[in-house]
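Enquirer: First, the structure itself, so that you have it in front of you.
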Amino acid sequence: MAQTNIGSKTMDGMGPKGTKVGLLRVLGPAHVWALGVGIVLVGEYMGWNFAVGKGGAYAALIACWFAGILYTCVAMIDSEVTSTVAAAGGQYTQAKHIVGPLMAFNVGLYLVFAYTMLEAGNAITAGYLVSVVAGMSGHEGALDQRPFIILVIMSLAWLNYRGVLATLTFNLIITAIAFVAILVLFVATTGIVGASIMQHGALMEGAAALPYGWIGILAAMHFGLWFYLGIEGTTQAAEEVRSPARALPFGTLAGIMTLLIAATLTWYVCVGVLPWEFLGDGVNGSVAPLFDTARLSGSTGLVWLLGIGTLFATLASANGCINDASRAWFSMGRDKYLPGWFGAVHPTYRTPYRAIIFLVPIALIFALGAPLDQVITFSILSGLLGYTFMPLNIIMFRRKWPLNSIKRGYEHPFHPVPAIVLLSLCAITFFAVFLGYGTQLVAMIGFYIVVSLWFHFWRYRFVSRGAQFTMPWPKPKGY
Amino acid sequence: MQTWNYLEYAAWGLSALFGLAMLVDWFRTDTTYSEDVLTSSREGELEAMTEEHKV
């Protein structure tokens with residue numbers, strides 16, 4: 001083992017445990033950043049503004065920052081655990097090693113549902129954007145959005161099928177353009193360059209300040225998640241980065257910093273131009289607030305830039321979701337939590353090709369047959385269940401393998417404060433979601449209870465119990 | 001406008017092409033390589049090669 005050359009071209013992705021064809025280790029920190037920020041940035045372009053409708057502009061800002069704290073805790077905890085458990089599957093693999101098989105099965109399903117639903121939501125949005133462009137270019141009558149929705153899913157699935165390096169390099173480019181577009185809009189509309197069009201004082205005074213009082217802030221928390229939902233997806237690249245201990249914490253923490261900046265700038269420019277009643281109605285009012293702000297600036301260049309940014313952010317999110325959902329599904333197949341057939345790697349492209357193909361029709365069914373708000377709500381709920389697992393996970397991780405017992409790529413500070421803060425914010429957000437989508441929340445939890453029973457009484461007998469624990473760690477403390 | 005009708009047809013056609021490309025390659029791959037090779041991936045290879053976890 002000591003003589004194995006990990007830089008070898010012929011051995012890359014293959015090793016002493018018998019892997020003949022493995023995932024390719026070709027990614028760097030920039031790709032990790034592109035994966036995390038790429039999935040999330042669409043939430044800045046659209047969706048977050050429902051928080052304004054729930055409680056006004058100030059409530060949206062408070063929700064933005066509280067959700068920012070929640071996701072900073074998520075990013076720190078994920079960085080520590082995943083830089084140590086560096087394998088595809090992300091939180092599923094963490095749960096498998098640290099908590100147990102039933103938790104791992106559930107977390108794996110949370111991940112697949114969260115990302116596949118988000119992918120479907122992004123495809124629906126891309127179809128809508130194309131129809132808007134058609135309308136603006138003079139097309140009469142309703143455009144059939146279905147071929148464009150299907151094209152987004154099929155083309156990005158094909159890109160993912162062909163290789164992870166091209167997939168995430170593509171994500172890096174379009175995500176960077178979408179982020180720069182937000183910076184340019186901020187600079188061009190706030191008076192830094194040229195005249196300011198901001199009217200915060202007029203738009204946020206009197207009853208507009210907090211139209212529904214403090215309960216509005218609580219209700220806004222649900223949509224405050226949209227600013228950051230998906231940053232935890234960076235962990236799915238763990239088996240494909242060249243240096244997990246360096247790239248994962250670096251990419252994830254740079255990603256959350258980028259999003260905190262993008263979220264705050266987005267809030268600032270949009271609430272300074274758009275009245276809260278219009279901004280907060282994401283269906284009949286402002287569907288794409290950054291684009292609407294650009295339109296009100298009167299600059300054709302900004303309209304084009306933010307229009308392209310909106311489309312790119314949507315595509316980057318769908319692309320990253322395909323990458324992440326397929327890795328989670330692949331990992332569960334590899335451990336026989338699902339049929340082992342899904343654990344196959346393409347010998348040429350070195351991607352989990354069967355998992356990618358299998359999830360395409362599922363994404364298509366949801367994209368073509370379900371309303372956008374329901375699709376996104378199920379994505380958020382699955383994500384939220386995943387975040388609730390994380391604090392328990394890190395507490396058990398630190399107890400079983402205390403600092404200095406195993407090598408960690410990153411040690412997050414102030415433990416257990418981030419875990420406690422994350423758990424408290426999750427509880428608040430569950431209550432906020434229950435206020436608006438109580439039926440869906442109960443239905444979703446019911447679904448996970450049913451599949452847990454199926455796993456416990458039937459599927460678990462097929463799991464490769466011995467082979468699934470792969471980390472060369474000492475026995476946990478107390479065992 | 002005619003252009004958008006053509007674009008709709010183009011989107012249908014491209015979607016079918018992407019789908020077909022994946023299906024054909026999937027079939028070729030599964031018939032060329034044994035299941036043993038395709039599903040040989042094991043978790044934790046890099047760790048097994050580089051980490052002993054002795055601090």
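Enquirer: Give the residues of the range A:169-212 that are without any contact (Cβ under 8 Å) to a residue 24 or more places away in the chain, small (Gly, Ala, Ser) and assigned to a helix (DSSP H, G or I), sorted by residue number.
Expert: A:GLY201, A:ALA202, A:GLY206, A:ALA207
Enquirer: Being in contact with a Phe, Trp or Tyr (Cβ under 8 Å, 6 or more places away or on another chain) and outside any helix (DSSP H, G or I) is the filter; apply it to the range A:340-381 and report the residue that is surrounded by the most Cβ atoms within 10 Å (Cβ to Cβ).
Expert: A:PRO352
Enquirer: Please state which of the following conditions A:GLY446 fails to meet, knowing it meets all the rest: (1) of a type outside the set (Val, Ile, Thr); (2) within 30 Å of A:ARG334 (Cα to Cα); (3) surrounded by 11 or more Cβ atoms within 10 Å (Cβ to Cβ).
Expert: With (1) of a type outside the set (Val, Ile, Thr); (2) within 30 Å of A:ARG334 (Cα to Cα); (3) surrounded by 11 or more Cβ atoms within 10 Å (Cβ to Cβ) applied to A:GLY446, the lone miss is (3).
Enquirer: Among the numbered conditions (1) of a type in the set (A, V, I, L, M); (2) modelled with pLDDT under 95; (3) more than 21 Å from the chain's Cα centre (by Cα), tell me where A:VAL345 comes up short.
Expert: The one condition A:VAL345 does not meet is (2).
Enquirer: So, one more: Would you be able to tell me the number of residues in the range A:22-59 that are within 14 Å of chain B (Cβ to nearest Cβ) and open to solvent by 10 Å² or more (accessible area, probe 1.4 Å)?
Expert: Adding up the residues that qualify gives 3.
Enquirer: Of the residues A:ALA262, A:ALA254, only one is touching an Asp or Glu at 6+ places or on another chain (Cβ under 7 Å) and either crowded, with 24+ Cβ neighbours inside 10 Å or on the phi < 0 side of the Ramachandran plot (or both); which?
Expert: Result of the check over A:ALA262, A:ALA254: A:ALA262.
Enquirer: Has the range A:445-454 got at least one residue that is out of contact with any Asp or Glu (no Cβ under 8 Å at 6 or more places or on another chain) and not in a helix (DSSP H, G or I)?
Expert: no
Enquirer: Here's something else I'd like to know. Could you say whether any residue in the range A:400-413 is part of a helix (DSSP H, G or I), of a type outside the set (Ser, Thr, Tyr) and within 14 Å of chain B (Cβ to nearest Cβ)?
Expert: Yes, the conditions are met somewhere in the range A:400-413.
Enquirer: Of everything in the range A:292-302, what is open to solvent by 30 Å² or more (accessible area, probe 1.4 Å) and in a helix (DSSP H, G or I)? Give them in sequence order.
Expert: A:ARG295, A:LEU296, A:SER297, A:THR300, A:GLY301
Enquirer: Can you tell me which residue within the range A:136-156, out of those that are under 28 Å from the mean Cα position of the chain (by Cα) and more than 7 Å from chain B (Cβ to nearest Cβ), is surrounded by the fewest Cβ atoms within 10 Å (Cβ to Cβ)?
Expert: Residue satisfying both the conditions and the ranking: A:ARG146.
Enquirer: Might you check whether a residue that is closer than 27 Å to A:ASN284 by Cβ and open to solvent by 10 Å² or more (accessible area, probe 1.4 Å) occurs anywhere in the range A:426-434?
Expert: Yes, the range A:426-434 has at least one match.
Enquirer: Further, regarding this structure: Could you tell me whether the range A:449-462 includes any residue that is surrounded by fewer than 21 Cβ atoms within 10 Å (Cβ to Cβ), under 22 Å from the mean Cα position of the chain (by Cα) and free of Cβ contacts under 8 Å to residues at least 40 places away in the same chain?
Expert: No, every residue in the range A:449-462 fails to be surrounded by fewer than 21 Cβ atoms within 10 Å (Cβ to Cβ), under 22 Å from the mean Cα position of the chain (by Cα) and free of Cβ contacts under 8 Å to residues at least 40 places away in the same chain.
Enquirer: To continue, here is another question. Of all residues in the range A:158-168, which are in a helix (DSSP H, G or I) and more than 7 Å from chain B (Cβ to nearest Cβ)?
Expert: A:LEU159, A:ASN160, A:ARG162, A:VAL164, A:LEU165, A:ALA166, A:THR167, A:LEU168
Enquirer: Restricting to the range A:149-192, count the residues that are in contact with a Leu (Cβ under 8 Å, 6 or more places away or on another chain) and aromatic (Phe, Trp, Tyr).
Expert: Summing the residues that are in contact with a Leu (Cβ under 8 Å, 6 or more places away or on another chain) and aromatic (Phe, Trp, Tyr) in the range A:149-192 gives 3.
Enquirer: Considering every residue within the range A:112-123, establish whether at least one is within 13 Å of chain B (Cβ to nearest Cβ) and open to solvent by 10 Å² or more (accessible area, probe 1.4 Å).
Expert: No, the range A:112-123 has no match at all.
Enquirer: For A:TYR268, only one of the following conditions fails: (1) open to solvent by less than 30 Å² (accessible area, probe 1.4 Å); (2) in contact with a Ser or Thr (Cβ under 8 Å, 6 or more places away or on another chain); (3) in a helix (DSSP H, G or I). What is its number?
Expert: (1)
Enquirer: Right, here's the next one. Tell me yes or no: at least one residue of the range A:221-237 is in contact with a strand residue (DSSP E or B) (Cβ under 9 Å, 6 or more places away or on another chain), within 14 Å of chain B (Cβ to nearest Cβ) and either open to solvent by 10 Å² or more (accessible area, probe 1.4 Å) or not hydroxyl-bearing (Ser, Thr, Tyr) (or both).
Expert: The answer is yes; a qualifying residue exists.
Enquirer: Something else: For the range A:159-172, give me each residue that is surrounded by fewer than 23 Cβ atoms within 10 Å (Cβ to Cβ) and either aromatic (Phe, Trp, Tyr) or under 17 Å from A:GLY307 (Cβ atoms) (or both).
Expert: A:PHE170
Enquirer: Restrict the check to the range A:92-107 and report whether at least one residue is modelled with pLDDT of 95 or more, of a type in the set (Val, Ile, Thr), surrounded by fewer than 24 Cβ atoms within 10 Å (Cβ to Cβ) and part of a helix (DSSP H, G or I).
Expert: no
Enquirer: Another question, if that's okay. Given the criteria within 11 Å of chain B (Cβ to nearest Cβ), at pLDDT 50 or above and on the phi > 0 side of the Ramachandran plot, does A:GLY13 qualify?
Expert: no
Enquirer: Right, next: Give the residues of the range A:305-336 that are crowded, with 24+ Cβ neighbours inside 10 Å and modelled with pLDDT under 95, sorted by residue number.
Expert: Within the range A:305-336, A:ARG334, A:ASP335 meet the criteria.
Enquirer: Here is a list: A:ALA88, A:ALA75. Which entry is within 17 Å of the chain's Cα centre (by Cα), within 14 Å of another protein chain (Cβ to nearest Cβ), under 30 Å from A:SER326 (Cα atoms) and aliphatic (A, V, I, L, M)?
Expert: A:ALA88
The values are calculated or read from the model by the stated rules, or taken from the named source; none is laboratory data. Because the structure is a prediction, the values reported are computed rather than measured. Every residue, glycine among them, receives a Cβ derived from its backbone with ideal geometry; neighbour counts consider all protein chains shown. Accessible surface is based on the protein model in full, side chains and every heavy atom, while ligands, DNA and RNA are left aside. Shrake-Rupley method; radii C 1.70, N 1.55, O 1.52, S 1.80 Å.
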